[in-house]
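J.: I have a structure here, written as structure tokens, and I will follow up with some questions on it.
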Amino acid sequence: MAVSSSIGRNIFDILVGLPLPWILFTAWPTTSSVVAMESDNLWISILVLLAMLVFVISAIHCPEWKLTHTLAALMLCFYGAFLAQAIVLELPFDDTTCHNN
């Protein structure tokens, strides 16, 4: 039950929680400003997330869809690995974004 709740909530967040604010901002802009996504490695992160999805579903399927301590530790490792690669891909950070001027 916990596994299906976790997967269902994440799917809802990705399919509704992320695009809905973007759609509303695009449909009814309050200013003429543009929101830019500046990352040279955005596609790499997307592909890694898709690979992680396959790994997570496989990891959940192996213990017969039951949440075990081993599965929880494995998911935590998957999350840590994704964060590590995302941070490493964005290094070195641009110094112009850190100024307090």
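The values are calculated or read from the model by the stated rules, or taken from the named source; none is laboratory data. Note that the structure is a prediction, hence the values are computed from the model and not measured. Backbone-built Cβ (ideal geometry, glycine too); neighbour counts: all protein chains shown. SASA here: full protein model, heavy atoms, side chains in, ligands and nucleic acids out. Shrake-Rupley method; radii C 1.70, N 1.55, O 1.52, S 1.80 Å.
J.: Please work out which one of (1) over 15 Å from the mean Cα position of the chain (by Cα); (2) of a type in the set (A, V, I, L, M); (3) at pLDDT 80 or above is the condition Ile44 fails and give its number.
T.: (1)
J.: Moving on. Which residues, taken from segment 47-79, are of a type in the set (Gly, Ala, Ser) and over 16 Å from the mean Cα position of the chain (by Cα)?
T.: The answer is Ser58, Ala59, Ala72, Ala73.
J.: Give all pairs with beta carbons closer than 9 Å in which a residue from segment 76-93 that is within 14 Å of Asn41 (Cα to Cα) meets a residue that is open to solvent by 70 Å² or more (accessible area, probe 1.4 Å) and among the charged types (D, E, K, R); count only pairs at least 6 apart in sequence or on separate chains.
T.: From residues that are within 14 Å of Asn41 (Cα to Cα), the pairs are Leu89/Asp40; Glu90/Asp40.
J.: If I filter segment 55-70 for residues that are at pLDDT below 85, open to solvent by 60 Å² or more (accessible area, probe 1.4 Å), of a type in the set (A, V, I, L, M) and not in a loop (DSSP other than H, G, I, E, B), do I get at least one hit?
T.: yes
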